[in-house]
Amino acid sequence: EFGDNRPGPMPLVVIRYLVALGHCTDRRPIPLAIQEHPPIGSILMCRFDEGFQAPEMVKTRPVIIISPKISARPGLCTVVALSMTAPQTIMQYHCQLNFQPPLPAPLASSGVWVKVDMVISVALRRLDFIRLGKDQGGKRIYYYDTIQSADLARVRAAVLHGLGMSALTKHL
């Protein structure tokens, strides 16, 4: 993060340079990217706000990591986004999860929907841990849980349905 000990606002030329490098938007620093591929089933936040256009995802959303670390794809992982809103028509490629304990606010919901029809590989720089707040010493606290293996199997089955590969679900 940027230090707070600099006098005055950040010069415009520095802002433009950092924006070009992808380290900040406008005058807000972007959180440092995750450096290592997260474990399968990890729940993180993903920034879909740059380089995407509607009807693609265009905002920051919680996601589940569904791919293992692949040495030939450094810096990438495959994710499915989560939504607090149920789909208008529930299809085989929709999957509802009930996290126990629930995700932290404002993501807490009695039923979280996995948007498995929108599988995407993203750069690790788009990912960030879910922030829970700060401890008594001022250090940030993050959410590090992964989904249960039974829920991961349901997500994977829904992904196969969403990719038109329903016949492969019997192999899960």
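The values are calculated or read from the model by the stated rules, or taken from the named source; none is laboratory data. Quantities reported herein were computed from a predicted structural model and do not represent experimental measurements. As a convention, Cβ positions derive from the backbone with ideal geometry for all residues, glycine included, and neighbour counts pool all protein chains shown.
Contact map, the stretch 107-119: residues that are farther than 24 Å from L132 by Cα paired with residues that are at pLDDT 80 or above and among the β-branched types (V, I, T), Cβ distance under 6 Å, separation 6+ or inter-chain. Pairs shown: V116/V80; V116/V159; V119/V80; V119/V159. Please enumerate the residues belonging to the stretch 131-140 that are in contact with a Lys or Arg (Cβ under 8 Å, 6 or more places away or on another chain) and surrounded by fewer than 13 Cβ atoms within 10 Å (Cβ to Cβ). Answer for the stretch 131-140, where residues must be in contact with a Lys or Arg (Cβ under 8 Å, 6 or more places away or on another chain) and surrounded by fewer than 13 Cβ atoms within 10 Å (Cβ to Cβ): G133, K134, R140.
Evaluation of K115 against the conditions (1) modelled with pLDDT of 90 or more; (2) of a type outside the set (D, E); (3) in contact with a Ser or Thr (Cβ under 7 Å, 6 or more places away or on another chain) shows that the sole unmet condition is (1). Quick one: in the stretch 47-73, of everything that is surrounded by fewer than 18 Cβ atoms within 10 Å (Cβ to Cβ), β-branched (V, I, T) and farther than 19 Å from S109 by Cβ, which residue is farthest from the chain's Cα centre (by Cα)? Among those that are surrounded by fewer than 18 Cβ atoms within 10 Å (Cβ to Cβ), β-branched (V, I, T) and farther than 19 Å from S109 by Cβ, it is I70. Looking only at residues of the stretch 83-106 that are touching a strand residue (DSSP E or B) at 6+ places or on another chain (Cβ under 8 Å) and touching a residue at least 40 places away in the same chain (Cβ under 8 Å), we find that the one that is nearest to G164 (Cα to Cα) is Y93. Only one of the numbered conditions (1) over 17 Å from M57 (Cα atoms); (2) in contact with a strand residue (DSSP E or B) (Cβ under 9 Å, 6 or more places away or on another chain) is not met by V80, and that is (1).
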